[in-house]
Amino acid sequence: MKKTSILFIGNSYTYYNDLDVLFENLCRANGKEVHAYRITQGGRKLFQFKDENDPVTQELISSLQSRKYDVCFLQEQSLLPILNFDAFMDGLTHTVQLLKPQTPQLILYATWARKVGCPTLEEHSWTPDSMAKDLADAYQKAGSGLDAKVSFVGLAFQKAMRLDPAIDLHDPDLSHPSYKGSCLAALTHYYTVFGSFPECAEVFSLSDHELSVFKKAIELLIKSIPVINAGDG
């Protein structure tokens, strides 16, 4: 069986609930020999990798010298793609240069909107729908410029919440993911990498209803953004 090494680069939106472990367990439950690793730091912005003396930058460089990754997920700070696209693109481009050619497949991890009630929404006159759309548009634009796939987790959140608002995808801080939110992120990532919804998702210990809602949300996502339907199988 082919072993696949996957690296997650990001911040707390990635390390909350150990998204890399959730993804690895999901893959292995579906017969895929995946080894997931992460390089994360709270509040991390990708342009910080331009600082060669930064400890996290040094961790990434050291990791790339010792291991080749088949896939890398890149997650930006949750507001920067909307508030300063140029800084987002600058940091993303530099980080991609560090990763290539050791990492042939790059996937941009498009995050979600804040939950209703979060002061950030009022501060910027956003709604959850408008914030999610703006984030998705920014990641789509960046992905097109870098020939990278995008995992539209934020749009999956919005669709799942419309299907069943009772499934809380956010942490009580109204920003970070709940455990169920991280599970939906892992399922969306799985589809983006492999081009299909996993046959076995019981590893998450979600209810049948919750899994059904998440599957339907990703199906709706596929129809609205066909580009993510180009998985590698």
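Annotations for the structure displayed:
- Virtual spin-label span in nm between Tyr37 and Ser5, 7 Å along Cα→Cβ: 0.5
- Taking 0.36 nm per residue of separation and subtracting the current Cα-Cα distance, fully stretching the chain between Cys200 and Val21 would add 62.9 nm.
- Helix-derived mean residue ellipticity, 222 nm - over the chain, DSSP H n ≥ 4, -39500 (n - 2.57), to 500: -15000 deg cm²/dmol
- Using 0.36 nm per residue and subtracting the Cα-Cα separation, the extra length available between Lys141 and Ser224 on full extension is 28.3 nm.
- Between the stretch 180-211 and the stretch 98-177, the C-alpha centres lie 17 angstrom from each other.
- Sequence ranges 48-56, 161-169, ranked by mean other-Cβ count within 10 angstrom, highest first: 161-169, 48-56
- Probe 1.4 Å, protein heavy atoms only - accessible area per residue of the stretch 27-162 in square angstrom: 44
- Distance cut-off 25 Å, percentage of C-alpha pairs in the chain lying past it: 36
- For the stretch 199-215, 3J(HN,Hα) per residue [Karplus equation, 6.51 cos²θ - 1.76 cosθ + 1.60, θ = phi - 60°, Hz, x = Gly/Pro]: 5, 10, 10, 5, 4, 7, 6, 8, 6, 4, 5, 4, 5, 5, 5, 5, 5
- Radius of gyration (Cα atoms) of the stretch 61-198, expressed as a multiple of 2.2 N^0.38 Å: 1.08.
- Equivalent-ellipsoid semi-axes of the stretch 136-210, from the Cα gyration tensor, Å, largest first: 23, 17, 10
- Each label point was placed 7 Å from the Cα along the Cα-to-Cβ direction; for Asp164 and Glu122 their separation is 3.1 nm.
The values are calculated or read from the model by the stated rules, or taken from the named source; none is laboratory data. In this text the structure is predicted, and so the values were computed from the model without any measurement. Here Cβ is always computed from backbone atoms with ideal geometry, including for glycine, and neighbour counts include all displayed protein chains. For the accessible areas, the whole protein counts, side chains as well, though only heavy atoms, and no ligand, DNA or RNA atoms are used. Shrake-Rupley method; radii C 1.70, N 1.55, O 1.52, S 1.80 Å.
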